[in-house]
1. Taking residue 249 and the conditions (1) within 16 Å of ligand 2 (Cβ to nearest atom); (2) at negative phi; (3) small (Gly, Ala, Ser), which numbered condition does it fall short on, given that it satisfies the others?
2. If I ask for residues that are under 26 Å from residue 352 (Cα atoms) and within 16 Å of ligand 1 (Cβ to nearest atom), which ones from region 284-321 would you list?
3. Six or more apart or on different chains, Cβ atoms under 8 Å: show the pairs whose first residue is in region 123-144 and hydroxyl-bearing (Ser, Thr, Tyr) and whose second is in a loop (DSSP other than H, G, I, E, B) and surrounded by 14 or more Cβ atoms within 10 Å (Cβ to Cβ).
4. Within the group 379, 456, which residue is on the phi < 0 side of the Ramachandran plot and in a helix (DSSP H, G or I)?
5. Counting only residues that are assigned to a loop (DSSP other than H, G, I, E, B) and of a type in the set (Gly, Ala, Ser), which one in region 321-347 is nearest to the chain's Cα centre (by Cα)?
6. Please give the helices (runs of 4 or more DSSP H) falling wholly within region 198-275 in which 2 or more residues are touching a residue at least 40 places away in the same chain (Cβ under 8 Å) and away from ligand 1 (no atom under 11 Å from the Cβ).
7. Would you say residue 193 is within 20 Å of the chain's Cα centre (by Cα) and either in a helix (DSSP H, G or I) or more than 13 Å from ligand 1 (Cβ to nearest atom) (or both)?
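The values are calculated or read from the model by the stated rules, or taken from the named source; none is laboratory data. Remember, predicted model here, so these are calculated numbers, not experimental data. Backbone-built Cβ (ideal geometry, glycine too); neighbour counts: all protein chains shown.
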Amino acid sequence: MPATTVDHWIAGRSVAGQAHRDITSPATGEVVTRVAEGGPAEVDTAVEAAAAAADGWRWFVTAERGRILHRISAAIRANADDLAALESAETGKPPATAAAEVEGAAAYFEFYAGLVNLPQGDILDVRPDQHVYTRREPFGVVGVITPWNLPINQAARAVAPALAAGNVVVAKPSESTSATTVELARLASECGLPDGVFNVVTGSGSVVGSAIVKHPGVKKVAFTGSVPVGQQIGAIAAERVIPLTLELGGKSANVVFADADLETAAKAAVKAFTTNSGQVCSSGTRLLVQRGVADDLLDRVSGIVKALEAGRDYGPLITKGQYEIVRGFLDSAAERDVPEAGAAEESYPNEDGYWIAPRIYRAGNDDPLAREEIFGPVLTVVEFDDEEEALRLANDSVYGLVGAVWTRDISRALRFAERMNAGQVAVNSWVTGAVETPFGGSGLSGYGREKGIEALNHYGQLKCVIVQL
Ligand code: NAP
Ligand code: MG
């Protein structure tokens, strides 16, 4: 496949970059795209275009705003094969994973298209001579900075509710995976989204991303990515006094009690840490298992993992840098003699990709394997004796994004779900991630909520109007 050129999308048209960077497939090492290297000048142009479009979009007939978002959802579905191919080319992910991700992007636009008319305020009964009401209003220009693990999906997760709430957007995808976000913006323009409402500037995080966060025209930022960059952005947002949504990943616990359906739990546990090769913020990377059934559950888990095939069930790591980070964890585990408890075969479609076969370790909850977000297909199994210990271990993490508990005891399931330090908890399943479910964390996992009706509250601010009668 010849390399595709990816340029900025500003004010409803493609804007050629001054220079381009070659992006190689992590599966094959081939150059697949050439991405425009933007800078502060392109960010200025995009923010100006967005600001010029802001009033028009904010005061658009609401139902018409919804119709356009519906058309974008339909366009994503109509172009799903091309979008998935583009996503696979840059990320190396298997076709089925890319297809699911693209379908998720369509679902976000569909869901938020249906919510544009949602009642957005209350009438407050204050005094007989006053009519008092609240309404939610958009911020204006929202900066959206997304990572490389689920590129079009994460873009849609932020852009769809931001637009539904009447904001305009300047987005910056990760430089390694910009193609589908630019294509999404192009399709949105084709669907009748007014020029300037959704702009994309491509380029590096430290240049383009940071220029967006610092730009005085940007009134809110939604960021998904690493803790250190989230902290840097947080410091700038604090100084500028603008709101921020931070989604920074986790070290999520999947807790299995002895009375659980072990076969179902084993299948889910494997999906939880191997989907997208573990490069998912909500991966279930800590498997906490009750001592009496630990060997039984592990036999089942490792049996499933052994049969996983590179290129079909999992893809490569995204970049050489990420590959080396994950390898570093494995090398250090070997040096510390952490016992391995199973792995997929190290047989890969080629030698040029950043492949790492999924593997399982048994370790204590204090081991780096149980504490750090590896962002690779690595599962750490920790044993516990009783419910109290399980809860202590589950919550003994600097993160708090998602979690799951497996038990046939409904009281224990609810006790656990309510005490687990996580924004989303699944009972007898792994976290599904449907667009309707509010999502976000506590601790170093970040703050604010994405997805669901709740996300709309983070893309608007409340005004109270007091009318003297
Ligand atoms: P990252 O550097 O935080 O990248 C996330 C996004 O922020 C990308 O678009 C990146 O652009 C941009 N960015 C980088 N530096 C920036 C800055 N100074 N100002 C504004 N934007 C900036 O994450 P990473 O280095 O790709 O991944 C490192 C680790 O982060 C992973 O190992 C994983 O632990 C975590 N992570 C979490 C998630 C999640 O879903 N929560 C996703 C990805 C990674 P460029 O990529 O173009 O530099
Ligand atoms: Mg980075």
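1. (2)
2. 315, 316, 317, 318, 319, 320, 321
3. From residues that are hydroxyl-bearing (Ser, Thr, Tyr), the pairs are 133/121; 134/121.
4. 456
5. That would be 344.
6. The helices (runs of 4 or more DSSP H) meeting that bar are 262-274.
7. No; evaluated as a whole, the condition is false for this residue.
The rows are residues; the columns are (1) part of a strand (DSSP E or B); (2) modelled with pLDDT of 95 or more; (3) not hydrophobic (A, V, I, L, M, F, W, C).
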position: 90; (1), (2), (3): no, yes, yes
position: 98; (1), (2), (3): no, yes, no
position: 101; (1), (2), (3): no, yes, yes
position: 117; (1), (2), (3): no, no, yes
position: 126; (1), (2), (3): no, yes, no
position: 132; (1), (2), (3): yes, yes, no
position: 139; (1), (2), (3): no, yes, no
position: 142; (1), (2), (3): yes, yes, no
position: 147; (1), (2), (3): no, yes, yes
